[in-house]
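Structure first, commentary second.
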């Protein structure tokens, strides 16, 4: 029975493909730095950098140019994201 329990636990914890993430591109910290520098220089793509941490953390420290949108209150802040469905959104 012990082997069966271990097998079931291992099966349940087996990493499955993150199919929801297939729709999104993952960017690195360096890529975000480059995007911010290009935006500041006026040569890059316009994007919205969104800090999803709590407001207290955001006010303590955040990336300049980012907006605060705590993940627990996304529905309340839909207007912050804007109406442009083609705009690049980067969440951290």
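The values are calculated or read from the model by the stated rules, or taken from the named source; none is laboratory data. Nothing here was measured: the structure is a model prediction, and the numbers come from that model. Backbone-built Cβ (ideal geometry, glycine too); neighbour counts: all protein chains shown.
A compact table of results
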| read-out | value |
| --- | --- |
| Residue count, the stretch 29-61 (criterion: more than 13 Å from the chain's Cα centre (by Cα) and surrounded by fewer than 16 Cβ atoms within 10 Å (Cβ to Cβ)) | 21 |
| Filter result for residue 26 (within 15 Å of the chain's Cα centre (by Cα), surrounded by fewer than 12 Cβ atoms within 10 Å (Cβ to Cβ) and not in a helix (DSSP H, G or I)) | yes |
| Filter result (modelled with pLDDT under 85 and not in a loop (DSSP other than H, G, I, E, B)) within the stretch 56-83 | 71, 72, 73, 74, 75, 76, 77, 78, 79, 80, 81 |
